[in-house]
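Have a look at the structure below, then the notes.
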Amino acid sequence: MARKQPRPEVSRRKFLAAAAVAGATTALAPPAKAATTDGSISAPRRPSALPPTMQVAVAETATPKELPRIGGVPGSDFMVDVIKTLDIKYLPSNPASSFRAIHESLINYGGNKLPEFLTCAHEESAVGMAHGYFKVAGKPLMTLCHGTVGLQHATMAIYNAWCDRVPVIIVGGNDLDAAHRPPGVPTIHSAQDINALVRDFTKWDDTPVSLQHFAQSFVRAYKIAMTPPYGPVAISLDAGLQQEPIRNNGEKLYIPRYVPTSPPQGDSGAVKEAARLLANAQNPVIVVDRAARSENGVQLLVQLAEALQAQVIDQGGRMNFPSTHYLRRPPTVVGNADVILGLEVTDFWATVNTYIDNGEHGIGVNTTKIKPETKLISINSSELLTKANYQDFQRFQSVDVSMAADAESTLPALIEAVKSAIPDDRKAAIEKRGEAARKAFAEARERTKQAAALAWDASPVSTARLVMETWAQIKDLDWSLVASSGNVSNWPRRLWPMEKYYHWLGASGGYGVGYGAPASVGAALANRDLGRFSVSIQSDGDLMYAPGVLWTAARHKIPLLAVMHNNRGYHQEVMHVQRLSNFRNRVASLGGDMGPIGTSIENPDIEYQKLAESMGWWGKGPIKDPAQLGPALKEAVAVVKSGQPALLNVWTQPR
Ligand SMILES: Cc1ncc(C[n+]2csc(CCOP(=O)(O)OP(=O)(O)O)c2C)c(N)n1
Ligand SMILES: [Mg+2]
């Protein structure tokens with residue numbers, strides 16, 4: 001085959017070399033006449049506050065006027081072709097020069113569609129949005145960030161995504177070539193290996209050095225991120241590779257086809273053994289954390305629980321099991337279990353043990369919560385994902401049957417195995433278990449309602465009232481609780497009828513505070529496209545980490561109702577310092593605030609409704625009188641239904 005005529009091309013290395021030399025020279029030269037490296041005199045340099053960009057350098061030093069417009073097709077156009085094959089809908093990002101070439105390709109060549117660029121005010125917000133989005137849409141987003149400083153900002157959100165088993169594709173711009181990259185800030189913003197920063201809490205990372213390498217890496221990154229256990233991945237994107245034209249060197253670039261990997265299923269022998277234990281148990285208990293990855297996962301869990309009439313403890317990493325189902329039970333029921341099945345449980349040790357932090361000598365006390373003969377079974381894909389440094393794998397817990405497998409995709413086989421393992425003479429006893437569970441469920445629900453009624457008329461508003469007044473206004477809509485930051489005593493999961501997968505998305509995973517606001521906006525974006533109504537319970541501390549995401553929501557027309565759980569403090573830390581003060585027989589120093597010094601967010605009180613309004617939201621508050629809450633919520637719901645995000649600043653009780 002005849003080789004194609006090479007395209008007219010400019011070597012970026014030469015191009016940059018010229019610019020860099022010119023830039024360096026102008027920085028040193030006297031203002032009137034600037035000398036170039038060959039000693040000739042060029043035209044006077046105009047003042048510039050910035051280190052010269054390539055174009056500025058050209059203009060200032062009269063290096064050949066002809067310094068070319070790029071010839072041929074930019075490398076980053078090909079990158080956009082690759083990205084487009086993966087159907088990534090949005091790209092929340094804070095702009096930066098290290099990825100300006102692909103940025104330009106995305107909006108001009110790619111038409112700003114698939115992905116659409118969403119402007120973010122902080123890299124942490126961009127990753128947090130992608131995190132929330134995935135949990136609704138089941139599809140990952142990508143973000144671009146400045147590979148050093150931008151990635152530094154993004155890291156906590158990446159850690160949250162890692163701990164929460166959520167895929168996010170992080171692409172960091174970086175200029176690798178020390179001999180040719182622009183001096184000054186772009187060099188300060190370059191590193192040998194930007195991915196090192198996040199390597200301990202990403203599933204995979206790469207630094208492609210050619211366009212073909214990029215195509216492979218990007219498709220591979222997507223595939224790895226989307227294979228359970230899901231997780232974030234990082235790609236370092238060289239500025240030169242983005243900016244240079246395609247040089248095909250006789251080899252045609254191609255885009256590898258993405259074919260999803262099927263999730264890991266439990267070994268058939270282990271599934272059989274688990275089924276045998278469960279089918280013969282007197283009192284089997286199922287504990288679920290991130291067990292359901294989809295609506296199908298919820299249905300499968302219901303099938304398994306009903307087949308066994310087993311009680312289910314939903315630890316809430318996702319909406320795993322309907323809150324209205326009679327088999328749903330509180331964590332305490334592990335005490336009577338003879339077999340416990342844990343499905344994607346983050347912390348099996350703490351599921352079956354108790355830890356109290358203020359033991360006699362200032363050290364923690366461990367006690368078991370289960371009977372010594374209780375058999376433990378675990379299906380957990382996280383066993384395939386451990387790394388050494390960060391400790392999200394929790395304490396070591398011995399279990400009797402341990403499967404390094406994805407729970408949702410192992411459930412069909414387990415359900416079948418359980419059904420065939422139940423001996424005929426156990427069927428009546430299993431039915432009876434169901435009757436007892438119905439009774440216990442009804443009684444527990446009554447107790448919960450009574451507890452919610454306590455301090456119903458208190459001002460500031462009780463957390464139960466906050467949550468139930470919100471419920472009253474959204475219950476007839478196709479609603480989704482996208483986040484609940486801070487802690488409102490778990491009232492939504494205790495009292496709202498949560499039956500669909502999207503009714504509850506779980507928490508941050510890594511408990512890095514500052515997740516709630518951006519994840520809500522990202523999840524609301526996914527819900528917007530599906531025609532659903534998004535509501536978040538938004539705490540004050542969480543919002544103040546990076547409130548700029550409010551602007552992103554308004555700018556990109558993402559409707560969201562944020563009901564504030566504004567307890568004017570970092571209440572979790574109020575309790576910690578108070579507890580330690582008590583433990584040491586000291587009175588906590590308040591310094592004129594409500595909580596121990598360093599834990600209050602008051603004096604001055606933040607006017608969150610004004611903060612939101614200033615960024616294009618509808619805002620109201622602060623509401624302190626519970627009687628005003630219902631009408632205000634009604635107004636806010638109408639605003640959100642019209643397409644605008646709305647924030648209600650409600651002063652609440654701490655918990
Ligand atoms: C990034 C980060 N910084 C600090 C903490 C420690 N921390 C845990 S809970 C909490 C309080 C958060 O305040 P808020 O969101 O208002 O919730 P509240 O406890 O008041 O309900 C803090 C600071 C953390 N988990 N993550
Ligand atoms: Mg708070």
Applying the selection to the range 620-636, what residues are in contact with a helix residue (DSSP H, G or I) (Cβ under 7 Å, 6 or more places away or on another chain), under 20 Å from L543 (Cα atoms) and either aliphatic (A, V, I, L, M) or open to solvent by less than 10 Å² (accessible area, probe 1.4 Å) (or both)? I623, L633
So is G510 away from ligand 2 (no atom under 16 Å from the Cβ), open to solvent by 10 Å² or more (accessible area, probe 1.4 Å) and on the phi > 0 side of the Ramachandran plot or not? no
Residue among L308, L327 that is more than 27 Å from C163 (Cβ to Cβ), open to solvent by less than 60 Å² (accessible area, probe 1.4 Å), touching a Phe, Trp or Tyr at 6+ places or on another chain (Cβ under 8 Å) and not β-branched (V, I, T): L327
If you check every pair at least six apart or on different chains, which have Cβ atoms under 7 Å apart with a residue in the range 136-163 that is at negative phi and modelled with pLDDT of 95 or more first and a residue that is part of a helix (DSSP H, G or I) and open to solvent by 40 Å² or more (accessible area, probe 1.4 Å) second? L144/H103; L151/L197; Q152/L197; T155/L197
Can you tell which of G531, G512, G592 is within 10 Å of ligand 1 (Cβ to nearest atom) and not in a helix (DSSP H, G or I)? G512
Return only the number of the condition from (1) within 22 Å of Q644 (Cα to Cα); (2) of a type outside the set (A, V, I, L, M); (3) away from ligand 2 (no atom under 16 Å from the Cβ); (4) open to solvent by 10 Å² or more (accessible area, probe 1.4 Å) that Y515 does not satisfy. (3)
Can you tell me which residues in the range 111-120 are open to solvent by 10 Å² or more (accessible area, probe 1.4 Å) and either closer than 12 Å to A96 by Cα or in contact with a Leu (Cβ under 8 Å, 6 or more places away or on another chain) (or both)? N112, E116, F117, T119
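Being closer than 15 Å to E123 by Cα and of a type in the set (S, T, Y) is the filter here, so list the residues in the range 133-184 that pass it. Don't jump to the end; show me each part of the working.
We begin by selecting, within the range 133-184, every residue closer than 15 Å to E123 by Cα; these are 141-161, 168-173.
The answer is T143, T148, T155, Y159.
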Name, by its number, the condition in (1) farther than 27 Å from V467 by Cα; (2) open to solvent by 70 Å² or more (accessible area, probe 1.4 Å); (3) part of a loop (DSSP other than H, G, I, E, B) that does not hold for N582. (3)
Sort out for me the helices (runs of 4 or more DSSP H) sitting completely within the range 416-502 that have 3 or more residues that are within 16 Å of ligand 2 (Cβ to nearest atom) and either buried (at least 22 other Cβ atoms within 10 Å of the Cβ) or within 25 Å of the chain's Cα centre (by Cα) (or both). 463-474
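A quick yes/no check of all residues on (1) assigned to a helix (DSSP H, G or I); (2) open to solvent by less than 10 Å² (accessible area, probe 1.4 Å); (3) more than 22 Å from R528 (Cβ to Cβ):
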{"residue": "A126", "(1), (2), (3)": "yes, yes, no"}
{"residue": "F134", "(1), (2), (3)": "yes, no, no"}
{"residue": "K139", "(1), (2), (3)": "no, no, no"}
{"residue": "Q152", "(1), (2), (3)": "yes, no, yes"}
{"residue": "Y159", "(1), (2), (3)": "yes, no, yes"}
{"residue": "P167", "(1), (2), (3)": "no, yes, no"}
{"residue": "V171", "(1), (2), (3)": "no, yes, yes"}
{"residue": "T187", "(1), (2), (3)": "yes, no, yes"}
Please verify whether the range 563-578 includes one or more residues that are assigned to a loop (DSSP other than H, G, I, E, B), farther than 21 Å from S480 by Cα, away from ligand 1 (no atom under 11 Å from the Cβ) and of a type outside the set (A, V, I, L, M, F, W, C). no
How many of the residues making up the range 522-555 are within 16 Å of ligand 2 (Cβ to nearest atom), among the hydroxyl-bearing types (S, T, Y) and over 27 Å from D476 (Cβ atoms)? 1
Subset of the range 362-379, residues touching a residue at least 60 places away in the same chain (Cβ under 8 Å) and part of a strand (DSSP E or B), comes to K375, I377, I379
Filtering the range 189-210 for residues that are out of contact with any helix residue (DSSP H, G or I) (no Cβ under 6 Å at 6 or more places or on another chain), acidic (D, E) and buried (at least 21 other Cβ atoms within 10 Å of the Cβ) leaves a count of 0
How many residues of the range 222-260 are free of Cβ contacts under 8 Å to residues at least 60 places away in the same chain, open to solvent by less than 60 Å² (accessible area, probe 1.4 Å) and β-branched (V, I, T)? The answer is 2
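Kindly establish whether G316 is assigned to a helix (DSSP H, G or I) and touching a Phe, Trp or Tyr at 6+ places or on another chain (Cβ under 9 Å).
No; evaluated as a whole, the condition is false for this residue.
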Kindly provide the set of residues from the range 637-655 that are within 16 Å of ligand 2 (Cβ to nearest atom) and open to solvent by 10 Å² or more (accessible area, probe 1.4 Å), ordered by number. W651, Q653, P654, R655
Pairing a residue in the range 617-633 that is free of Cβ contacts under 8 Å to residues at least 40 places away in the same chain and more than 18 Å from W456 (Cα to Cα) with any residue that is open to solvent by less than 30 Å² (accessible area, probe 1.4 Å) and assigned to a helix (DSSP H, G or I), where Cβ atoms lie under 6 Å and the two sit 6 or more apart in sequence or on different chains, gives W618/V639; G619/Q609; G619/A612; K620/Q609; K620/A632
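The values are calculated or read from the model by the stated rules, or taken from the named source; none is laboratory data. Just so we're clear, the structure is a prediction, and the values are computed from it rather than from any experiment. Neighbour counts are summed over all protein chains in view; Cβ atoms, including those assigned to glycine, are modelled from backbone coordinates with ideal geometry. Heavy atoms of the whole protein, side chains included, go into the accessibility calculation; ligands, DNA and RNA do not. Shrake-Rupley method; radii C 1.70, N 1.55, O 1.52, S 1.80 Å.
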